Every structure is written in C-alpha cells, then in structure tokens.
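Have a look at the structure below, then the notes.
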Amino acid sequence: MKRLSAFVSRLCSWFKSQFTSRHLLTALIEGGRTLIAILIAYLVAFAVIGFVSDDPEMAIRWFVFGPLSSPTEFGEVLKNATPLLFAGIAACLIIKGGNFNMFTEGAFYAGGLIAALAAIYFDLSGILAIIIPLACGTLAAMLIGYIPAKLKAKYEVNEFVSSIMFNFIVMWIGVWLISNVVIDVTSGDNATAPIPDASRLRILFENTNVTTGLLIALGVAVVAYLYMFRTRFGFRLRMTGDNKAFARSVGIDVGRAGVSSQILGIGVAGLGGGVEILANYHRFNWKTLPGFGFDGFMVAIIAKNRPLLVPFAALFIGYLRSGADLMAFNTDVAQEVVQIIQGLILILVASEAFFSSAWFRGVIAKRMFRRKQLAPVGGVDDHA
Amino acid sequence: MSLPILRMQGICKSYGPGIIAADDVSFSVDAGEIHALAGENGAGKTTLMKILFGMEKAQRGEIFINEKPVVMADPNIAMAHGIGMVHQHFMLVDDLTVAENVSLGIEPKRHGLFDREAARELVRTLAERFDMPVDPDAFIRDLSVANKQKVEILKVLARRADIIILDEPTAVLTPQETKRFFEQLTALRKAGRTIIVITHKLPEIKAICDRITIMRKGRTVGTYDVASISEQEISRLMIGSDPLPEPILESIDPGPVLLSMHDVSCLSPSGKSALRGITFEVRGGELLGVVGVEGNGQRELVDILTGRKTAYAGSVQLAGDSLQGLSIARIRRHGLSFIPEDRMKDGVDLDGSLVDNATAAIRDDRQFNIGPFQSDRKLDAYAKRLAERYEVRHESLREPIRHLSGGNMQKVVCGREISACKTVLIADQPTRGVDVGSVRTIHDHIELLRQHGKAILLISSDLSEIRTLCRRAIVLHQGEIVAHIDDLAAYTEEELGLYMLGLKRQRTTEAGS
Ligand SMILES: Nc1ncnc2c1ncn2[C@@H]1O[C@H](COP(=O)(O)OP(=O)(O)OP(=O)(O)O)[C@@H](O)[C@H]1O
Ligand SMILES: [Mg+2]
C-alpha cells in the first residue's frame, strides 16, 4: 500500500514536471497550429467540392459525417488507420535517425508476402499461426532493408535512391513469385493459396473489420516511443539524427546508430505488411506497391515525428480516406479530393513559418508586456 | 559630442512566456565611436543586437537611426541603413568557397553572370588591407574556426557598413591577430565608421573602446566612459560581485604517464606536412599547455588524440594503450573526454535538450540505466547539478539548447566533458565566449580535475589562460615542437612570442629533455 502511494505521488510529480503551464502552452500552440492547418485544408476542399459537385451539401455530408455514421463505418476508419500507424512509426524511426530510407514501401510488400507464405506453408495452429508468419515477414523485410542501410553507412550510397530501387526489385520479385512459383491457379488470379483460417487476425468488434492488428499497431507505437525516448539506444539514434558530428564526438557509433534506425523502421513496416495481409486478405495478390510506406512519411510529418502522436495522425488520415471513399461511392465527387486535403495539410504543417510557434509566442509575449506583468529581473520562475 | 547615430529606446523582448531577454533596454551609440557592449552570459547582448539587425523582433521599443525612427523588419532593412553584423555563431554557407560567401548578396556581375574572378579579387584586397589572410578558394567547411571568423568579418567589411556590430569577434582570434584587427578597427573609426563590439575580454575594452554599456539580466546597468572606469569596476557591474580569484596551482606528485605521443607526423588534408616528429608526454596530475599561433598543427594534434584523424605515423598512447585504429567511441571508453573547438558543430546538439546535451557522454554509465531503460530522474538530477555548478543560465531542462546564449552553451560543453573525464581531458579552447566570472569557475574545475590525478592537455589561443593554469607547455610552430617549457612562469610573454613565431627555438638536445 505504502509503495503504491509512493508510486502514485511520484507519478503525479512526474506529470507536474511534464505539464507545467509553459509546456502546456507550448503544446497548445503546436496543436493549435495543426488544427488551423486542417481547418484551412478542409475549407479549400469544400470549395473544390462545391465547384465540381451537383449536390455539394450531400457530398460534404458523406465526406465529413459518413465515417462517423455507424460503428461499421467507424470500423473502416480504424481499419484504414492500422497500416498507416505502422508506416508512420516506421517513418518516425527512420527520420529521427537522420535517414530518408524509402524502403518501408518495399518492406510492406515483402513483409506481407513472406507472412502469407509462412502462414500457408507452415500451416501452424494456435497463437503460433499468427506469431510465426508475422515474425518471418518482419525479419525478411529487415534482412533486405539491411542492404541499403549498410550501403549508406559504409559507402555513403544515398539511401533515398537505393531504397527506392530496392522497392522495385522486391516488388517485381514478388510479382514473379506469385505469378509463377507460389501461384494457386484455382484462384483465377496471380495470387497465393488461401491463407489458413488459423492465421487470420481475429475481429475485435462485431460488425466491423477491426482486427487485433490495431492492438499490435498501438503496441508498436508505445514500444517505439519507449525505445526512442527512454533507452540509451534511442538516445544514440536521436543524437545521430540531429547532429552527426556531435554524436560522433561524444562517442556514439553513428554508422551503427544509423543502420539500426533504418532496420528497425523497416522491421516495423514489414510487420505492418504482415498484419495488413493477415487481417484483410484471403490470399496475397499485390501486384503493385501498396503505397503505405510513402503515406507513413506523411503521417510522421503530421505527428511531428513523435511516436505517441502517430496514432492520432494515422486515425485522422484514416478518417479522411474513409470519408472520401463514402463520398465517391454515394455521390458524384471523385475520391481524389482527399489528395488535395492531404497535400494542403502537409504543406501547412510542414512549413515552419506558417503560424510558427515563434509567431504565436510573440503574440502571447506582446500581451504580457502590454499588461505590464513583467517578471522581476532574475525572478523568472523555473519549473525545471 | 555629436548626436547619437543610433538609439534604441525601451526595447522589450521575450522569447516566450516567462523568458525575458530584454526588459526596457535603452542603448545609444555616437557616430564615430567604438562602443563596447558587455555583460555576463545570457545578459541579452546578442538578442539586443539581433533586434537592431532585424533578425529578432522586439515586442516593444523603438529604434532611431540619425534620430529618425526605423522599423527593422528584417536584415535587409538594417543593411540598407548601413548596419552590418558579425555574428557570434557563424552564418556561412559550408559548401561555398570563401569568395562566394563574402560576395553572397552583393555578387560582382559580368555579362549578367557571377564574376568569380572579381569576387576572388575582392576577398584578396580586403584580406590584404585588413591583414586577415584567407584563401579565397577554400571551402568554408574545411576552415578552422579562426578562419571562419575572419571570413565573417570580411563579409561585413565588404558591405561597407557604417555601423558595424561585432558579436565576440575576437573570441577565436589569437592575441596577435586581435591586435592587428584592433588597429584596423581604430582605422575604421578614424574613417568615420561606428563600431559596436561585444566582448568578454576586459583588456580589449580598455584598449580600444570609447564607451561601454553594461547589461545584466536583460537590463542595462549603465553607459560609462571607458577611460573613467577600471576593469575591476566593469566586472563588478557585470556580475554584481567581484569574480573569484584564479585557482592557486597546488603541486601534487605526478602519477603514471597517461597520454603520450612519440614521433608523430601527419599530413594536412591538402597534402602538406602538418605535424612533424611530435613527442611529448603528460602524466596524471599534470596539465600541459599547447602554445602556438593558430594553424600551426593544433587542429591535427587534437584530431589525432581524439580519433578523428587516423592517418598518421608514430605512436600515440592513452593510459598505456595504443590509439592506432581505435574509433572515437573506443577512445572515449578508454576514459578520454574532450572539449571541441567548434561548439556549434561538434559540441552540442542544438535540437537536443539541456539534459540530452549535458549527459551525452555518460549515458552508458551503469548508474543511469535500469535494464534497457534510462533513469530520467537521475539524468535530470545530473544535468541540473551540472547546470548549477557551471552557472548555466537556463529556463528549463527540457528546452532545446539552441535557446541558450552562446556562453551558456559553452559552459554545458565544458561541464559535460570535465565531469565525464576518467583519465585524460583534451580541452580545446574551453572558455571561448564565456564571461569573466564563469571563466574562473571553469578554471577551478579543470584545476580540481588535475588534482584528482587526471592528465590534461590545454589548447588555447589565450596565452594568459595557459599561463594561469599550466606549469608545463609545448610551443608549436609549423607542425613542430620548437620548445618544451617546464616552468612557464620563468618565461615572459615576449620570449614565448619569439618561439611562437619561430624566431627562436630550443636546441634539439634541450627540446628532448
Ligand atoms: N531563441 C531563443 N529562444 C528562447 N530563449 C532564448 C533564445 N535566444 C536567447 N534566449 C535567451 O535569452 C537570454 C539572452 O540571450 P543572449 O544570447 O542575448 O545572451 P548574450 O548576452 O549574448 O550571452 P553570451 O555572452 O553567452 O553570448 C538568454 O537567457 C537565453 O537563454
Ligand atoms: Mg551572445
């Protein structure tokens, strides 16, 4: 009992230290900025819808409220958000380590394919039927992703270029495999054999398509946060990403930190690919890259590279896309409107100068001076 | 005297809730004077000058140039009013050459295209006139800190500013260079230019400035005629009390040899011979100073000792183990720590918090790790203690370190490295940009480290710093040790100067002892 109360009081003081008025204010400012960006993007989207649609009111209603209209529809939002969450976490790890490795895209593909094959050919039962395929998919992605990462660390090969090429190598090998080697001709498609039921992820809520994959994704977000901000490995990763010369001079092996940041990100993307296949597909039949890898970078930017904000960013993009789907299905507006919104939000969120926090702080500070609430010299309160 | 050419009135600046950098500051400068701006680290000097130069916006206050109000919305406006600024932290493009950097924005044109030859010529004439030799074709990224500083100064001179703001221009210059630079400043004053200098070196203020304005904690203490105020009074007005006395060097029995170089030679990146036959050793409890004009091999010496340069001949030993082929990480694990010369590049992670920066060197220590996790509580406590000990003025432990003033950042770097030192400390310009009070604090900590039996190598362009801290020193000239000095106090500055300029050298038998 005593230990519990001590723990609670420590927790409280931790919270206090994290959320002092100044931190809260800064967080509000940052959040407000993102909200304003979203609002502006929506207004532009509405204008576009109004321009192209014969019944703009209907279209906007489907777009905005459709995803919230029933549990089933909201389930679609969560389903759409799940791979984005994996991809966003993957991108966080990669960006924070100072890299721009686009192989997350190929990792989704490879992770999905290998997970499907492992599920089909090992034909396990029980919990292993899920764990083993996912682990195989993740490891396979990491193994392939090691090549561009190491090429960068060792020979300074630009990882952006090499990873994009690897995406296509992986994809075409995959397409060749499902067209020639592991093809199940009875499917009438270039696809693998059906994935056994034991390996399909369970549905969480009735009448929805939300699977346990969502829980895995949330778990990954928490683990990624702990790794990046609470361990010494994460510290090395962040320092290397921020300033390589500094990291090197305080004794961090920047080559290794850079490689591990990329490998871990790619592993998360590979896991995301596996989850996506085991959750939503009867067979593996991807003939193009799924696009989640690229989306991940967008999600990470909106979440300001903070793993714990990624779920919210992913949820938002998922909601946006569900709304677009419903609007396209029910009205005469094409789905592509959502691209406009995404693009605008991205530009507004990413452009530092737009309502920069410095500008916001300036406004607040100005009011402070106007009210003559100057803190006495030297008496500036310190919450640290 | 004439009307003030420049007047700042009632300037208030806050960087956010609770962070007040200027609180109703007024400041005025007369035409044709050299005006010093002094104050402890974090007093708000740089902030005030950035406001004047249009880089930061004040929430309140007015600026008058020749008694006409001006809104300094951005640096272009400031430049149009004849204001030029040499920044404390370099604003140079690393991947451009010296000539390109100096002419950036005022590019000489020929047939509408950039005239490279004219730009080179511009740098050459300016460099010659102001006695600041730099190679116009060198890339900024390859330059030493001192040379970068010279480029910064040339950049402003090339723009023919009437009011020149110099934010710690001499922090990285050698005394000789400083002297010549000051002669040039005096000449500029004679030509009618107005100069504002921020500096922590009080003798410099006495030597060339007409008036001084002292700031403390975001407010002006007052403006004084330099002739009527003593150095001691200035420092008292700056920090509110007398600075601590310099540490008294207590002698202790030297321990085992912890750091040694034997017959080390290496080439500079351009293929010239940079070090030749360097041999010395430092024992535990010893502090060896490296004296020499900047650019005579100090950089290569430090790079070899810290594992950044691996191509060299000869042997280097750290606590009995050879350094050959070891990575920086391994060398650090052997107990070496080092204060790098370029704090903005190698010394801090500007986006990292104060905690991140203060603890970067001890993160792997067992006491800060619980299984895979780090103890935030212990790390915070460590950083907080460090900030207290080294008088780092900060608002919060979590704020990015880029919000700290230059001198306070330097204190974080010093604190981190001195605290983390297990066997050997390489201190490369440790007190650059630090105010008089805190210089003493850092010196105290270095001296304490020595008394605990660590070996310390001190590289400093400030001869008086070496003289206060070291008994033994080596003098570098063109990559060679021209003198081993066992009792620094027995030599005058003039004698040392002769060695530094290569006009005199010990005979080899003597030097080998
Ligand atoms: N961008 C910023 N954001 C928040 N606070 C800042 C920022 N820049 C400076 N400060 C704060 O403003 C105060 C004044 O800083 P300033 O750089 O003007 O000091 P300074 O007098 O130039 O010191 P030094 O001698 O160390 O260069 C400091 O307390 C610093 O922490
Ligand atoms: Mg400053």
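Among B:Ser26, A:Ser163, A:Ser70, A:Ser260, which comes first, then next, by fewest other beta-carbon atoms within 10 Å?
So the ranking, lowest neighbour count to highest, is A:Ser70, B:Ser26, A:Ser260, A:Ser163.
Once label points are set 7 Å from the Cα along Cα→Cβ at both A:Leu11 and B:Arg505, what is their separation, rounded to one decimal in nm?
If labels sit at A:Leu11 and B:Arg505, their model points lie 7.1 nm apart.
Against the longest principal axis of chain A, how steep is helix A:357-370, in degrees 0 to 90 to the nearest 10, with axes from Cα atoms?
20
Is segment B:347-420 rounded, prolate or oblate when judged by the Cα gyration tensor, a ≥ b ≥ c being the square roots of its eigenvalues, rounded requiring a/c under 1.5 and prolate requiring a/b larger than b/c?
Prolate, since a/c reaches 1.5 and a/b exceeds b/c.
Using +1 at the C-beta of Lys and Arg and -1 at the C-beta of Asp and Glu, which of A:Ile29, B:Ile466, B:Gly18 has the Cα lying farthest in the positive direction of the dipole of the protein assembly as shown?
Towards the positive end, the residue furthest out is B:Gly18.
Go ahead and estimate [θ] at 222 nm for chain B from helices alone: -39,500 (n - 2.57) per DSSP H run with n ≥ 4, summed, over the residue count, rounded to 500.
Computed ellipticity for chain B at 222 nm equals -9500 deg cm²/dmol.
Find out how many positive minus negative residues lie around B:Arg333, taking Lys and Arg as positive, Asp and Glu as negative, among other residues whose Cβ is under 10 Å from that of B:Arg333.
Here the charged neighbours net out to +2.
Determine which residues of segment B:294-310 fall in the zone a paramagnetic label at B:Ser270 would reach in this model, i.e. backbone nitrogen under 14 Å from the point 7 Å along Cα→Cβ.
From segment B:294-310, the list is B:295-297.
About its Cα centre, how strong a charge dipole does segment A:81-314 have in debye, to the nearest 20, once Lys and Arg get +1 and Asp and Glu get -1 at the Cβ?
Using Cβ point charges on Lys, Arg, Asp and Glu, segment A:81-314 gives about 1000 debye.
Once you place label points 7 Å from the Cα toward the Cβ at B:Asp376 and B:Ser230, how far apart are they in nm?
Between B:Asp376 and B:Ser230, the simple spin-label model gives 5.2 nm.
Compute the distance from the alpha-carbon center of segment B:6-40 to that of segment B:151-197, in whole Å.
20
Using 14 Å as the cut-off for backbone N distance, which residues of segment B:427-450 belong to the label zone defined by a point 7 Å from the Cα of B:Leu244 along Cα→Cβ?
B:435-450
If I model a spin label at B:Lys422 and B:Ile252 as a point 7 Å from the Cα along the Cα→Cβ vector, what separation in nanometres do I get?
Label-label distance for B:Lys422 and B:Ile252, simple model: 1.8 nm.
Work out the FRET efficiency for B:Gln176 and B:Ser28 from their Cβ-Cβ distance, taking R0 = 22 Å, and round it to the nearest 0.05.
Between B:Gln176 and B:Ser28 the formula returns 0.10.
Per residue of chain A, what 222 nm ellipticity follows from adding -39500 (n - 2.57) for every DSSP H run with n ≥ 4, rounded to the nearest 500?
The helix-only estimate for chain A comes to -24000 deg cm²/dmol at 222 nm.
Would you mind checking the tilt of helix A:56-65 against the longest principal axis of the Cα atoms of chain A, expressed as 0 to 90 degrees and rounded to 10?
The angle comes out near 90 degrees.
Determine the shielding of peptide A:249-260 by partner chains: average, over its residues, the number of Cβ atoms on other chains within 10 angstrom of each Cβ.
That average works out to 6.
Tell me, what HN-Hα J-couplings in whole Hz come from the Karplus equation 6.51 cos²θ - 1.76 cosθ + 1.60 at θ = phi - 60° for each residue of segment A:154-159, using x for Gly and Pro?
Per-residue couplings from phi come out as 8, 10, 6, 6, 4, 6 Hz.
Size of the protein assembly as shown along its principal axes in angstrom, Cα-based, largest extent first?
So the three principal-axis extents are 95, 77, 67 Å.
Please give me the summed charge of the neighbours of A:Met171: other residues whose Cβ is under 10 Å from its Cβ, Lys and Arg +1, Asp and Glu -1.
So the environment of A:Met171 carries a net charge of 0.
Report the net charge of residues surrounding B:Cys470, where surrounding means a beta-carbon distance below 13 angstrom and charges are Lys +1, Arg +1, Asp -1, Glu -1.
So the environment of B:Cys470 carries a net charge of -3.
Averaging sequence separations of C-alpha pairs under 8 Å and six or more residues apart, then dividing by the length of chain B, give the relative contact order as a whole percent.
Worked out over chain B, it gives 15 percent.
Relative to the present Cα-Cα distance, how much length would full extension add between B:Glu388 and B:Phe139 at 0.36 nm per residue of separation?
Answer, rounded to one decimal: 85.7 nm.
Out of residues 5 or more away from B:Asp30 or on other chains, whose amide H comes under 5 Å of its own, with H placed 1.01 Å from N in the peptide plane?
Sorted by chain and number, the residues that satisfy this are B:Ile5.
Order these by the 10 Å Cβ neighbour count, fewest first: B:Ile19, A:Ile94.
B:Ile19, A:Ile94
From the square roots a ≥ b ≥ c of the eigenvalues of the alpha-carbon gyration tensor of segment B:6-239, which class results: rounded (a/c under 1.5), prolate (a/b over b/c), or oblate?
The shape class here is prolate.
Fewest Cβ neighbours within 10 Å first, please rank B:Thr306, B:Thr279 accordingly.
With the sparsest Cβ surroundings first, the list reads B:Thr279, B:Thr306.
What is the average number of partner chain Cβ atoms found within 10 Å of a Cβ in B:355-367?
So the per-residue partner count for this stretch is 3.
Is the C-alpha gyration tensor of chain B telling us rounded, prolate or oblate? Criteria: a/c under 1.5 is rounded; beyond that, a/b larger than b/c is prolate, otherwise oblate.
The shape class here is prolate.
Using the Karplus curve 6.51 cos²θ - 1.76 cosθ + 1.60 with θ = phi - 60°, what ³J(HN,Hα) values do you get for each residue of segment A:234-246, in whole Hz, with x for Gly and Pro?
Each residue's phi maps through the Karplus curve to give x, 4, 4, 4, 5, 4, 4, x, 6, 8, 4, 4, 5 Hz.
Taken together, the values in this text are just the output of simple stated rules run on the coordinates, not laboratory data. Keep in mind the model is a prediction, meaning the values are calculated, not measured. Ideal geometry is used to build each Cβ from the backbone, glycine not excepted, and the neighbour counts take in all protein chains shown.
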